[in-house]
Every structure is written in structure tokens, then in C-alpha cells.
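Trainee: Please find one structure pasted underneath; my questions will follow.
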Amino acid sequence: MSMARWDPYREGNDLQRALNRLFDSRFSETSVVGFPVDVYETPTELVVRADLPGVQPDRIRVQHHDGQIYIRATRAAEAAKDASWLLRQTPEGEMVRTLSISVPVDVERVSASYDAGVLELHLPKAEHARPREIPVVAGGPERAVEPRPAPPQASADDPTGGGGR
């Protein structure tokens, strides 16, 4: 009986090749993958920035429905003539992201722009969802009641004394 010597480097290389095959097949032309997005909030809006390098603007679709933002983009396959790919990590085909938006949005004022491979969505908050400044009145709760207008003052030209009677 002969014993084979264990070689951790060979085992690691075999694992690396298997992972490369797995990921190479995942990014085929028919795959659906995501893409990185950043989302931040200001007092008046939400902003979504999506990295979509190499995607033509006419191949991007954005929809808002029922508290969800749907971003769908298609990157065309790049043909390499007389070449064999050694490494291919750039996804191609259809890419999709769905984001849940928990703040009511003024859909009529939503805007989208695309520059240098970055899609930027501006989602203005609905008026009732924006923060409101609440004035603080000194002097206790009785002072916080809406002041009543002062009665009109009598003038020298008004013979009724300003009461209008």
C-alpha cells in the first residue's frame, strides 16, 4: 500500500479553479445579477446612486411602485475577436435591483440622471413626510395657545369708538 503525500497548495489550487468555474458561469449573458447602490437621506429627499459602468442610458429602466424602486439595466456583451478570456468579472446581460423605500415619495417630482457610469435618482419626500419645525413658546402650556387678535382700537375719525356698533 502506498501513501500519497498531502499537498495543501495543490488542494488550494483545485479549490480556486472550482470557484473560478462557478463564478465564470454565473456571469453569463443570461444571468441576472445586482449592482452596487448607495442610498442617503436629506431632510427633503432620498438619493439613490447606482454604479452602472458601461451601460448605455437607453438600456436603463427605473420604476416606482407601491414603496419599491425597481432599477433594471442591460449591459451588452463585449466581443473579443481572436481572443480567449483569461478572467472575466464584468457582468453582462440584465442586472436588477429592487429597493424598499419606507418614506412616502412625491412621485411627480422624482428625477433620474446618468453620468460617468453612475445613475442618480432624486426622490423628493412627500410634503407630509418632511420634518417640521415646531416653535417652542416660553411661559408654560397656557401661553402655547394660539393668541387671539386684539380688538380694534378707537380712532378720532370713528364716532362709534372702534366697536363698529
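Derivation of every value follows stated rules applied to the coordinates shown; laboratory data play no part. Every value quoted in this text rests on a predicted model; they were computed, and no experiment measured them. When we count neighbours, we look across all protein chains shown, and the Cβ atoms used for this are built from the backbone with ideal geometry, even at glycine.
Trainee: Would you tally the residues in region 79-101 being of a type in the set (Gly, Ala, Ser) and within 22 Å of the chain's Cα centre (by Cα)?
Mentor: In the first step, residues of region 79-101 are kept if they are of a type in the set (Gly, Ala, Ser); the result is 79-80, 83-84, 93, 100.
Of the ones still in play, those that are also within 22 Å of the chain's Cα centre (by Cα) are 93, 100.
The qualifying residues number 2.
Trainee: Can you name every residue in region 74-93 that is β-branched (Val, Ile, Thr) and either surrounded by 13 or more Cβ atoms within 10 Å (Cβ to Cβ) or in a strand (DSSP E or B) (or both)?
Mentor: Correct list: Thr74 only.
Trainee: A follow-up question, please. Can you name every residue in region 50-73 that is part of a strand (DSSP E or B), touching a Pro at 6+ places or on another chain (Cβ under 9 Å) and closer than 27 Å to Pro131 by Cβ?
Mentor: Ala50
Trainee: Same structure, new question: Given the criterion under 19 Å from Arg130 (Cβ atoms), under 19 Å from the mean Cα position of the chain (by Cα) and exposed (fewer than 11 other Cβ atoms within 10 Å of the Cβ), identify the matching residue among Pro104, Pro43.
Mentor: Of the residues listed, the single one that is under 19 Å from Arg130 (Cβ atoms), under 19 Å from the mean Cα position of the chain (by Cα) and exposed (fewer than 11 other Cβ atoms within 10 Å of the Cβ) is Pro43.
Trainee: Collect the residues in region 117-138 that are part of a loop (DSSP other than H, G, I, E, B) and without any contact (Cβ under 8 Å) to a residue 24 or more places away in the chain, keeping them in residue-number order.
Mentor: Matches in region 117-138: Ala126, Arg132, Glu133, Ile134, Pro135, Val136, Val137, Ala138.
Trainee: State whether one or more residues within region 95-117 are basic (Lys, Arg) and over 22 Å from Pro57 (Cβ atoms).
Mentor: No, because not a single residue in region 95-117 is basic (Lys, Arg) and over 22 Å from Pro57 (Cβ atoms).
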